[in-house]
Amino acid sequence: MKEEFDHEQGYCRKLGHHLSFGYCHSERHGLPCPKIRDCWFTLIPIDKFLAENFAPDEIQYLYEPPPPKVSTLLELIERSRKAAGQI
């Protein structure tokens with residue numbers, strides 16, 4: 001049951017304040033926040049919750065290492081330049 005832990009409150013490392021678990025497991029248009037495992041593993045059985053409520057292909061990204069920050073920054077700069085018509 002997806003709503004089982006919705007009332008739980010935890011600190012969001014991404015946004016910097018406390019949020020309900022309900023927000024975290026549906027933050028990405030019904031899919032979990034990429035940091036859900038980092039934020040909730042001490043409070044609820046997060047891997048069990050994910051396995052019971054999402055298909056493996058829906059949450060595969062949660063188990064992959066994040067891209068390097070430099071790559072992400074370069075990609076954002078490139079998108080901004082394109083949007084501004086500089087390239």
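Okay, here's what the table says:
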read-out: Complete set of residues in the stretch 47-72 that are modelled with pLDDT under 95 and in a loop (DSSP other than H, G, I, E, B); value: GLU64, PRO65, PRO66, PRO67, PRO68
read-out: Yes/no for PRO66 being in contact (Cβ under 8 Å) with a residue 24 or more places away in the chain, exposed (fewer than 13 other Cβ atoms within 10 Å of the Cβ) and of a type outside the set (Asp, Glu); value: yes
read-out: Boolean, ALA83 is of a type outside the set (Asp, Glu), part of a helix (DSSP H, G or I) and loosely packed, with under 10 Cβ neighbours inside 10 Å; value: yes
read-out: Filter result for ILE77 (of a type in the set (A, V, I, L, M, F, W, C) and in contact with a Cys (Cβ under 6 Å, 6 or more places away or on another chain)); value: no
read-out: The stretch 20-63, subset touching a His at 6+ places or on another chain (Cβ under 9 Å) and either aliphatic (A, V, I, L, M) or in contact (Cβ under 8 Å) with a residue 40 or more places away in the chain (or both), residue nearest to LYS2 (Cα to Cα); value: ASN53
read-out: Some residue of the stretch 19-28 being aliphatic (A, V, I, L, M) and at pLDDT below 95; value: yes
read-out: Matching residues, the stretch 1-22, being under 15 Å from the mean Cα position of the chain (by Cα) and within 21 Å of TYR63 (Cβ to Cβ); value: GLY10, CYS12, ARG13, LYS14, PHE21
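The values are calculated or read from the model by the stated rules, or taken from the named source; none is laboratory data. All values derive from a computational prediction rather than experimental measurement. Note that we place each Cβ from the backbone using ideal geometry, even for glycine, and neighbour counts take in every protein chain shown.
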